[in-house]
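The values are calculated or read from the model by the stated rules, or taken from the named source; none is laboratory data. Here the structure is a predicted model, which means the values were calculated and not measured. Here the Cβ positions follow ideal geometry from the backbone for every residue, glycine too, while neighbour counts run over all protein chains shown. Please note that ligands, DNA and RNA were not included when accessible areas were found on the heavy atoms of the full protein model with its side chains. Shrake-Rupley method; radii C 1.70, N 1.55, O 1.52, S 1.80 Å.
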Amino acid sequence: MSDYLFELPEIFSIPVLGLSARYPVRRIFCVGRNYAAHAAEMGGEVDREAPWYFTKSAAHAVGSDTVRPYPPGTQNYHHEMELAFAIGTPVFRASPVQAAEAIYAYGCGLDMTRRDRQQDGKDHRRPWSLGKDVEDAAVLAPMTRAGDFGPIRDQRIHLEVNGEIRQDATLAEMVWSCEEVVAHLSQFYHLAPGDVILSGTPAGVGPVQAGDRITGGIDGLEPISLELSAAE
Ligand code: MN
């Protein structure tokens, strides 16, 4: 054991259905604009040459069914419902077959976003960190192993705020498949167990307030929920 100057917080980990051991999270990659209708609502279009990414700190991840404060520094905190998936084997410069085999499990995820700070970044050509790498803003529900989930087809992906439907789409609308994302992302990173990828959000993103209850689901996966308490 190293002699550290302070006690390290416990590593964030995700339950996996049917297993007692949990999946510890090392890195979180997020795909930008992976649904054409969401790209359009954000005033852009999907880049069909290649997917692109931003990251969230694993230290900012939280589990589902939790209550977290409305974050500081925003007047426009948004929900983004996403399919999350976890890497199970090391892959670098993966072929399509290797990429598919590297996907260990799928789960529901929320890419919570300070939309006003993200827009500042776009307007001033600055990084998105304040918009995206927000404390408690990567919500990850219990995962289902890939073999149990089966192939991605047109499973419904949806999100409600206080029971009112806000996002409603199917996974068939994803521009880049999970395998394509792994094949591409592994050109840049040595992907390995502990790496989680949020695959982008469908249309219908919008603001949430303190006191709101956010719920979401993807057919065949465990549901996700987040409740926002008053700002600190
Ligand atoms: Mn997103």
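Of the helices (runs of 4 or more DSSP H) that lie entirely inside the stretch 126-217, those containing 1 or more residues that are in contact with a Lys or Arg (Cβ under 6 Å, 6 or more places away or on another chain) span 129-132. Looking across the stretch 124-138, just one residue is open to solvent by less than 20 Å² (accessible area, probe 1.4 Å), farther than 30 Å from Gly150 by Cβ and in contact with a His (Cβ under 9 Å, 6 or more places away or on another chain), and that is Val134. For the stretch 1-60, what are the residues that are away from the ligand (no atom under 16 Å from the Cβ) and of a type in the set (Val, Ile, Thr)? Result: Ile11, Ile14, Val16, Val25. When you check Val139 against the structure, is it modelled with pLDDT of 95 or more, under 19 Å from the mean Cα position of the chain (by Cα) and within 16 Å of the ligand (Cβ to nearest atom), yes or no? Yes, satisfied. Considering (1) within 19 Å of Met42 (Cβ to Cβ); (2) more than 16 Å from the chain's Cα centre (by Cα), say which one Pro202 fails and leave the rest. Going through (1) within 19 Å of Met42 (Cβ to Cβ); (2) more than 16 Å from the chain's Cα centre (by Cα) one by one, Pro202 breaks only (2). For Thr113, the requirement of being within 16 Å of the ligand (Cβ to nearest atom), at pLDDT 95 or above, closer than 21 Å to Ala169 by Cβ and among the hydroxyl-bearing types (Ser, Thr, Tyr) is met.
Looking across the stretch 153-168 at every residue that is open to solvent by less than 80 Å² (accessible area, probe 1.4 Å) and over 16 Å from the mean Cα position of the chain (by Cα), the one that is farthest from Pro193 (Cα to Cα) is identified as Gly163. Being farther than 14 Å from Tyr77 by Cβ and surrounded by 21 or more Cβ atoms within 10 Å (Cβ to Cβ) is true for just one of Gly109, Gly121, Gly150. Which residue is that? Answer to the selection: Gly109. Contact annotation: residue pairs with Cβ atoms under 8 Å, 6 or more positions apart or on different chains, pairing a residue in the stretch 44-65 that is without any contact (Cβ under 8 Å) to a residue 24 or more places away in the chain with a partner that is surrounded by 15 or more Cβ atoms within 10 Å (Cβ to Cβ), are Gly44/Arg33; Glu45/Arg33; Glu45/Ala36; Glu45/Ala39; Asp47/Arg33; Trp52/Val31; Trp52/Gly32; Trp52/Arg33.
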